[in-house]
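Here's the structure we're looking at; comments come further down.
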């Protein structure tokens, strides 16, 4: 699923990077705000029908609009041709066109985490005893999913996921 918000986010990241190269002073919070917006967009993509996810996308769009406004103001200082180029990118992105290809992330994120639940994933050097992992998960009230012999995904309340991960800590040194 390719969302206009995703392309707008990518255009803004590229504009921010270009403006930074041109020695513009970029507010420090823009980087973290863009990271949060990207996370919200990805959250929405997991379950676009859930009301919380819809709110997450709306918040991301508001953040992107605020950042866009500031960056466009900076782009105006670079001249009309420069500004027109970036406005064209943003206009095309708003229409849902692919302006830039999304870079492929090497990180694997847990998808389809049920709304209201937290998740964690551990990857171990050696395969582990499935019975022991099941025991820890059951004790902590977690849902577990084995991706392979060395990778386990945990789902549940945030504090229980954290506790389960701590209990599995000794497996990391094996």
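Just so you know, all these numbers are worked out from the coordinates, no wet-lab data involved. Not measured: the values here are computed from a predicted model. Every residue, glycine as well, gets a Cβ built from its backbone with ideal geometry; the counts of neighbours run over all protein chains shown.
Here are the numbers for this structure:
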item: Flag if residue 57 is in a helix (DSSP H, G or I), under 15 Å from the mean Cα position of the chain (by Cα) and under 18 Å from residue 102 (Cβ atoms); result: yes
item: Matching residues, the stretch 48-65, being surrounded by fewer than 16 Cβ atoms within 10 Å (Cβ to Cβ) and either out of contact with any helix residue (DSSP H, G or I) (no Cβ under 8 Å at 6 or more places or on another chain) or in contact (Cβ under 8 Å) with a residue 60 or more places away in the chain (or both); result: 49, 50, 51, 52, 55, 58, 62, 65
item: Residues satisfying the stated conditions in the stretch 28-41, i.e. closer than 17 Å to residue 11 by Cβ and surrounded by fewer than 16 Cβ atoms within 10 Å (Cβ to Cβ); result: 31, 35
